[in-house]
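Right, one structure below, let's go through it.
Each reported figure results from applying straightforward, stated rules to the coordinates on display, with no laboratory input. Here the structure is a predicted model, which is why all the values come from computation and not from measurement. Glycine gets a Cβ as well: all are built from the backbone with ideal geometry, and neighbour counts include every protein chain shown.
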Amino acid sequence: MFRCAECHGTQGEGTAEAPPLNDFLVLPPEFIESQVRSGPENMSAFTEAEISAEQLTLLSAHIQAEIAGTNLVSVDEDQLEQGRQLWRDFCMECHGARGQGKNDFGPPLNVWPPYSVTGIIDGARLPLPDMPVLSVTDDELRLIAAFMHSWAANSIAE
């Protein structure tokens, strides 16, 4: 649809040119629309002449219904509790109990839309100022990501 797959992949899995769309819990229509219109980073902006408002609404609905969340970790309650415990052990001291940020160096992580699973893993692996190297596996980071995404799921349900 609208040649998005050329850069984002046929299933929204991402490519070397563009980030994945399938590892976000949700991508609100307003966020999708602003990204399409503003053209963040290496993406071209699309004008109303290129993608009408009606087409953009359909594109947003397609991403929400068919793509967003398809790469998320499916977890049961025990695994979610493991993610919560890993959060407490490795993240809460600097980022707060619900990712609200804490101290002068722990930025908020409970942003909207929520970070992608890939973004969470990369954030824990890439050298960042004041960010310690975490001795956790990618599977443990996926559990942390699932726990973080539960904040958004709870917000949506409320």
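For S52 and E93, calculate 0.36 nm times their separation in residues minus their Cα-Cα distance, and state this gained length in nm to one decimal. Each step should come with its number before you reach the end.
Values: separation 41, 0.36 × 41 = 14.76 nm, distance 4.59 nm.
Going from the current span to full extension adds 10.2 nm.
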For a quick protection proxy, order the peptides 139-150, 75-86 by their average other-Cβ count within 10 Å, most packed first.
139-150, 75-86
So how do 103-109, 88-94, 38-44 stack up, highest first, on mean other-Cβ count within 10 Å?
88-94, 103-109, 38-44
